[in-house]
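The values are calculated or read from the model by the stated rules, or taken from the named source; none is laboratory data. The structure displayed is predicted, hence computed values, not measured ones. We place every Cβ from the backbone using ideal geometry, glycine too, and count neighbours over all the protein chains shown. In case anyone asks, the SASA skips ligands and DNA or RNA and just uses the protein heavy atoms, side chains included. Shrake-Rupley method; radii C 1.70, N 1.55, O 1.52, S 1.80 Å.
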Amino acid sequence: MTAVPVPGTPSGLPDASGHFGPYGGRFVPEALIAALDELTEAHATAQRDPAFLAELDRLLATYAGRPTPLTDARRLSEHAGGARILLKREDLAHTGSHKINNVLGQALLTQKMGKRRVIAETGAGQHGVATATAAALFGFDCTVYMGEEDTRRQALNVARMRLLGAEVIPVRTGTRTLKDATNEAFRDWVANVESTHYCIGSVVGPHPFPAMVRDFQRIIGVEARQQCLDLVGRLPDAVVACVGGGSNAMGAFHAFIPDASVALVGCEAGGDGVETGRHAAPLTAGSPGVLHGARSYLMQDDDGQTQDTTSISAGLDYPGVGPEHSWLRDSGRATYTGIADGWAMQALEKLAKSEGILCAIETAHAFAGACDWGRAQVQAGRSAEDLVIIINTSGRGDKDVDTAARWFGLVTAEDVAEAELVRAREGEQP
Amino acid sequence: MTALSDMFARTRAEGRAALIGYLPVGYPSYDESVAAMLAMVAAGVDAVEVGVPYTDPGMDGPVIQVAVDAALRAGSRVAHVFDAVRTVSPHAPVVVMGYWNPVEKYGPARWAADLQAAGGSGMITPDLIPEEAQPWIAAAGERDLDPVFLVAPSSTDERLEAVARVNRGMVYVASTMGVTGTRATVGNRAQELVERMRTVTDLPLAVGLGVSDGAQAAEVAAFADGVIVGSALVRALGDGGVEAVRALAADLADGVRRT
């Protein structure tokens with residue numbers, strides 16, 4: 001293996017073979033190793049190539065809309081014990097989430113490697129939309145795998161991907177969610193690896209993906225750190241982010257890892273409540289194992305079979321998590337907590353009504369977790385006026401309006417029936 | 001020497017390739033899966049690859065995905081794998097085929113001990129590469145089990161050598177870039193890869209992925225030491241039960257004996 005350590009990372013990890021302590025590595029069919037070596041090499045070279053970095057910076061600025069702002073959320077602070085809340089606005093990036101940061105980086109690498117086709121897995125559809133967008137921009141063929149269950153709950157994003165020219169393949173095996181979409185994308189990649197790049201959407205998968213996706217996402221924390229220094233004159237007390245696979249959290253956390261005074265808080269999907277066992281919170285309630293090419297915390301039974309997950313959020317409904325998060329968890333540098341569906345939805349509503357920002361349901365988990373963290377600090381005796389919390393606002397909530405409307409009862413059964421009747425009548429017209 | 005190595009010594013002496021048949025434990029039921037394994041041995045399969053059902057079989061195509069999914073839903077557990085090995089191994093050499101996480105969860109040393117006690121010869125690990133396999137290689141070595149790795153058409157010469165250094169019993173040569181499943185042709189990349197692998201090892205080379213009938217088995221048997229058949233047998237079991245497995249195994253066994 002010609003694995004090369006990624007330069008300039010504050011933690012110095014992963015090591016040359018792609019491990020974060022006991023986590024990470026490569027647990028994949030031999031057929032993929034040549035492509036993973038090629039990608040590792042291409043990424044390491046690109047990170048040292050001023051022309052590549054300049055081109056990526058140009059795309060991030062002129063196409064994705066970076067830097068994203070840091071918004072002072074004054075009205076939200078009462079929900080967090082009075083702490084000052086700063087929102088890192090990844091929801092304002094092109095395509096509506098942080099996913100574009102990673103995808104533009106991988107698209108440039110794809111071009112460098114001379115490949116013309118990209119494939120992706122997607123849960124909520126945010127990464128699928130970002131990949132379809134980059135494929136359109138670069139002129140690549142694009143296939144997105146999405147669990148059938150998710151194509152139903154995120155139908156709007158399916159339409160967006162198709163509008164952008166991507167082929168969306170509903171996956172009907174297993175649990176029909178993100179886990180199975182990822183399996184199907186790996187199978188496609190094994191068969192087509194010589195012409196195709198697998199654009200993984202999170203800090204998961206075999207080396208070099210966890211490190212590479214982190215490197216493309218760490219701009220979130222790099223910007224937020226400076227913006228906070230400029231605005232507040234000091235570092236924040238906490239950085240809070242939601243964690244499914246963990247790319248927005250890793251991106252937000254990474255620049256702060258050397259800053260020991262900054263708490264790093266990851267919010268997993270607590271589903272019906274972590275204590276019920278029906279959740280998607282491997283770092284909170286799982287155990288180490290191997291899934292999708294890497295060793296990390298995961299939800300598994302006594303036989304090592306992957307367990308079904310439960311979450312209102314398609315993007316967090318995943319039994320695994322990135323290996324670097326497992327490392328941060330064990331080392332104590334970051335803490336992780338499970339946020340139940342109901343608490344996340346309350347936070348979504350609070351944010352919408354107090355700041356006029358409708359965030360993705362994934363992101364709402366981070367708001368709930370930040371409120372918990374702020375209140376706990378105040379209860380522990382810290383002065384609320386002295387607390388500054390950055391919440392990574394990873395995505396916007398347009399795609400979730402339907403789910404939220406049903407959750408809050410904003411549309412009645414009669415509204416839905418009437419809308420379907422109108423649609424049916426329109427369909428009858430010649 | 002494991003029973004698997006003895007078997008290859010015998011088939012080499014007979015001047016033919018060995019036939020290795022795969023079926024997953026618990027599909028469509030535990031009893032039928034074991035009956036089908038014994039039936040294919042009676043029909044001329046030289047060694048049995050006992051599949052460990054796993055929720056995320058990334059190296060498998062649709063036929064095996066559906067079968068292992070059904071096996072898991074019907075309650076197939078890891079303990080059943082050792083039961084199946086114990087029942088089949090008196091009749092033919094058995095290698096287990098399994099993804100890594102169930103072994104890691106069970107504990108590699110305990111897995112190796114139980115596999116040896118059940119009469120197994122070794123294990124094929126489709127998602128374990130030599131770099132990550134040290135705990136398994138050590139555990140298998142303790143118990144005289146063969147750790148079997150995969151090589152693929154994309155493997156560099158350096159990687160073929162790395163596999164040759166740690167692999168025992170037989171090498172699994174993936175005929176094409178892709179997942180398991182039947183294919184109209186096996187293609188000439190398999191032969192090229194077998195020839196490249198021969199320059200770095202004397203181990204028996206068994207070709208898998210895509211073989212579905214006697215004619216294809218004969219084609220592969222002309223240049224390989226072993227022919228591995230999986231999806232076609234699983235499909236036969238699903239469509240026609242144990243009798244269909246017996247008939248297909250007989251056709252395949254005839255294929256590896258053609259000269």
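Phi-derived couplings, Karplus 6.51 cos²θ - 1.76 cosθ + 1.60 at θ = phi - 60°, listed residue by residue for segment A:17-29: 9, x, 10, 9, x, x, 9, x, x, 9, 10, 9, x Hz, with x used for Gly and Pro.
Only Cα pairs under 8 Å and at least 6 apart count here; give the relative contact order of chain B as a rounded whole percent. In percent, rounded to a whole number, it is 23.
Averaging Cα coordinates gives a centre for segment A:393-417 and one for segment B:88-161; these two points are 50 Å apart.
A:Lys399: which lysines have alpha carbons under 19 Å from its alpha carbon, excluding same-chain residues fewer than 8 sequence positions away? Output for A:Lys399: A:Lys99, A:Lys350, A:Lys353. The antiparallel fraction among DSSP beta bridges confined to chain A stands at about 30%.
Counting only other residues whose beta carbon sits under 9 Å from that of A:Glu223, what net charge do I get with K and R as +1, D and E as -1?
Values: positive: A:Arg66, A:Lys88, A:Arg225; negative: none.
Result for the local shell: +3.
In whole percent, and with a 1.4 Å probe on the protein chains, what portion of the accessible area of segment B:16-257 is carbon and sulfur? Walk me through the numbers on the way to the answer.
On the way: 3890 of 7780 Å².
Carbon-and-sulfur percentage of accessible area, whole number: 50.
Would you tally the net charge around B:Asp144, using a Cβ to Cβ cut-off of less than 13 Å, leaving B:Asp144 out, and scoring K and R as +1, D and E as -1? Kindly include the intermediate steps, with their values, before the conclusion.
Working: positive: B:Arg143, B:Arg168; negative: B:Asp6, B:Glu142, B:Asp146.
Net charge around B:Asp144: -1.
Quick one: grab the alpha carbon gyration tensor of the protein assembly as shown, order the square roots of its eigenvalues as a ≥ b ≥ c, and give me rounded if a/c is under 1.5, else prolate or oblate depending on whether a/b is larger than b/c. Here the protein assembly as shown falls in the prolate category.
When nucleic acids and ligands are ignored and a 1.4 Å probe is applied, B:Trp111 ends up with an accessible area of around 0 Å². Under the combined filter of DSSP loop state and at most 16 neighbouring Cβ atoms within 10 Å, segment B:117-201 retains none of its chymotrypsin sites (Phe, Trp or Tyr not before Pro).
Given a 1.4 Å probe and the protein chains as shown, A:Glu385 ends up with an accessible area of around 150 Å².
Averaged per residue, the protein assembly as shown has 35 square angstrom of accessible surface, using a 1.4 angstrom probe with ligands and nucleic acids left out. Partners of A:Lys115 within straight-line reach, counting aspartates and glutamates whose Cα lies under 13 Å from its Cα and excluding those fewer than 8 residues away in the same chain: A:Glu38, A:Asp141, A:Glu194. Straight-line reach from B:Lys105: which lysines have a Cα under 25 Å away, not including same-chain ones fewer than 8 places off? Output for B:Lys105: A:Lys179. Peptide B:151-161 is shielded by partner chain Cβ atoms: per residue, an average of 4 of them sit within 10 Å of its Cβ. With both residues required to sit in segment A:264-382, DSSP beta bridges show an antiparallel share near 55%.
With all distinct Cα pairs included, what does the Kirkwood hydrodynamic radius of segment B:16-257 come out to in Å, to one decimal, could you say?
Details: mean 1/r = 0.0574 Å⁻¹.
Computed over segment B:16-257, the radius equals 17.4 Å.
Peptides A:163-170, B:197-204, A:371-378, A:262-269 ranked from most to least packed by the mean count of surrounding Cβ atoms within 10 Å: A:262-269, A:371-378, A:163-170, B:197-204.
Here the contact order of chain A, divided by its residue count and restricted to Cα pairs under 8 Å and six or more residues apart, works out to 19 percent. Taken one residue at a time, the phi angles of segment A:353-364 give Karplus couplings (6.51, -1.76, 1.60, θ = phi - 60°) of 7, 9, 10, x, 10, 9, 8, 5, 4, 4, 4, 4 Hz. Gly and Pro are set to x.
Calculated [222 nm] ellipticity per residue, helices only, for the protein assembly as shown: -14000 deg cm²/dmol; basis is -39500 (n - 2.57) per DSSP H run with n ≥ 4, divided by all residues, nearest 500.
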